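Working notes for the structure below.
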Amino acid sequence: MQIRKYLFSIDAILASIALVVLWGAIMLQVILRTGFNMPLMGANELIMFMVVWTIISPLGYLETINGHVVMEEFLVLLPKRIIKILRFVIRLSTTIIYVIVACSVFIVFRNSMHLATPMLRMPFWFFFMPSAIGFGWVSIVCIIRNVCLLFNKEPPWAS
């Protein structure tokens, strides 16, 4: 059971590491720029990369713990049967949107294999990796959750 929970939180661990690297890069850039009047080459590109890792890569983890903001004030005014139908439609449409975005990211990923970022000359596929991981994993999590809800089963990360 512990291994299963660990596997479903790898993206959160990666995002936490990215947050520490982001913080370190920003602090190093500030210290070098203000204290030594010598900016860190490629720091802005590295910081942008870490921001993407921090924000997008833990999407699947947030979905497993229901960590997204949900506005249900309007839903509670409706009859229970309509609430159930609307929640299913919302979950299904969210999953479809995540899958479309994930497919778009993978297409960009595939088409930009030969390109590199301007400052660090980082391969573009590497720069798009957090988006691929984040949107790919959240798509898989949403599909698993919808299938489990359809068959009245607990998702694997719930146990």
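Values computed for the structure shown
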{"quantity": "Selection count, the stretch 33-50, where residues are over 24 Å from Pro130 (Cβ atoms) and either acidic (Asp, Glu) or touching a Pro at 6+ places or on another chain (Cβ under 6 Å) (or both)", "calculated": "1"}
{"quantity": "Subset of the stretch 61-105 (residues that are modelled with pLDDT under 85, of a type outside the set (Ser, Thr, Tyr) and either surrounded by 13 or more Cβ atoms within 10 Å (Cβ to Cβ) or within 24 Å of Ile140 (Cα to Cα) (or both))", "calculated": "Leu62, Glu63, Ile65, Asn66, Gly67, His68, Val69, Val70, Met71, Leu75"}
{"quantity": "Failed item in (1) in contact with a helix residue (DSSP H, G or I) (Cβ under 9 Å, 6 or more places away or on another chain); (2) part of a helix (DSSP H, G or I), with Met113 passing the rest", "calculated": "(2)"}
{"quantity": "Failed criterion for Met50 (all others in (1) without any contact (Cβ under 8 Å) to a residue 12 or more places away in the chain; (2) closer than 27 Å to Cys142 by Cβ; (3) touching a helix residue (DSSP H, G or I) at 6+ places or on another chain (Cβ under 6 Å) hold)", "calculated": "(1)"}
{"quantity": "Test for Gly42: is it in contact (Cβ under 8 Å) with a residue 60 or more places away in the chain, surrounded by 12 or more Cβ atoms within 10 Å (Cβ to Cβ) and under 19 Å from Cys148 (Cα atoms)", "calculated": "no"}
{"quantity": "Filter pass, Ala116 being in contact with a strand residue (DSSP E or B) (Cβ under 7 Å, 6 or more places away or on another chain), surrounded by 13 or more Cβ atoms within 10 Å (Cβ to Cβ) and of a type in the set (A, V, I, L, M, F, W, C)", "calculated": "yes"}
{"quantity": "Cross-chain or 6+ apart pairs with Cβ under 7 Å, the stretch 100-120 first and more than 26 Å from Gly42 (Cα to Cα), then surrounded by 12 or more Cβ atoms within 10 Å (Cβ to Cβ) and at pLDDT 80 or above", "calculated": "Val101/Phe135; Ala102/Phe135; Ala102/Gly136; Ala102/Ser139"}
{"quantity": "In the stretch 116-151, residue modelled with the highest pLDDT [restricted to those that are polar (S, T, N, Q), under 26 Å from Ile17 (Cα atoms) and assigned to a helix (DSSP H, G or I)]", "calculated": "Ser139"}
{"quantity": "Test: residue in the stretch 131-151 that is over 24 Å from Ala12 (Cα atoms) and among the basic types (Lys, Arg)", "calculated": "no"}
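The values are calculated or read from the model by the stated rules, or taken from the named source; none is laboratory data. Predicted, not measured: the structure shown is a model, and the values here were computed from it. With ideal geometry, Cβ positions are generated from the backbone for all residues, glycine too; neighbour counts draw on all protein chains shown.
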